[in-house]
Amino acid sequence: MFGKLFGSKADAKPQAAAPVDTQATSQKMQTQIENIDMRIKKLENDATNYKKIAVEKKKNGDSRGAVIALRKSKMYDKELAKLEGQSMMIEQQMQMIQGAQFDSNTMQAMKVGKVTMDQLQAQTNADEIMDLQDDIADQLAQQDEIAGVFTEYAQAGKDELEDELNEMLAMDEMDDMALPSTDFIQDANPVP
């Protein structure tokens, strides 16, 4: 009955998480660390001053004033320890946030890569690649066949022509041997 009036948990729509602004968070944390560091410097000076005051008062015989100054110094030392712990915790958190952001960015890049691979693989499949490979092999075989025809034409009669050239060369050599040397004739008839 109340579910109808006020709505039930099942009717409630889950709300999406707000986007995380890690840069703004890191900036706030860095600002806080800087504030803590400034406070630490001030408290260190105060603690040191109260220790000096305590020593001076003890030298002057004011034991009660020396104890009060020393207690204040100890109080500042406790505050310093607390601030140093806070600074370390914030720095640790900043490192964790940066690491988580890096992990998240890596995961997002991997998701984009997976989607891209899915799209690329949808464009091709193994059967198409094998068919394409067969087509290319057929084209290469046809090209080799065409090249063979031209090569045969260029080689046609080459052996006969080689034989004929060898015969012509041999005959030319025989003709050179049959002719008398003109150098001998010139030497026999000297010019006056």
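The values are calculated or read from the model by the stated rules, or taken from the named source; none is laboratory data. Computed from a prediction, not measured in an experiment: that's the story for all the values here. Cβ coordinates were reconstructed from backbone atoms using ideal geometry, including for glycine residues, and neighbour counts include every protein chain displayed.
Conditions (1) closer than 30 Å to I33 by Cβ; (2) assigned to a helix (DSSP H, G or I); (3) not assigned by TED's automatic domain parsing to the domain that holds I40, marked per residue:
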residue	(1), (2), (3)
Q86	yes, yes, no
K114	no, yes, no
E160	no, yes, yes
D172	no, yes, yes
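May I ask you to verify whether A137 is within 38 Å of the chain's Cα centre (by Cα), part of a helix (DSSP H, G or I) and loosely packed, with under 10 Cβ neighbours inside 10 Å? Answer is no for this residue.
Residues are listed down the side, and each one gets a yes or a no for (1) within 32 Å of the chain's Cα centre (by Cα); (2) modelled with pLDDT of 95 or more:
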site: L5; (1), (2): no, no
site: A10; (1), (2): no, no
site: A16; (1), (2): no, no
site: I36; (1), (2): no, yes
site: N45; (1), (2): no, yes
site: G99; (1), (2): yes, no
site: D118; (1), (2): yes, no
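Being at pLDDT 95 or above and of a type outside the set (K, R) is true of T31.
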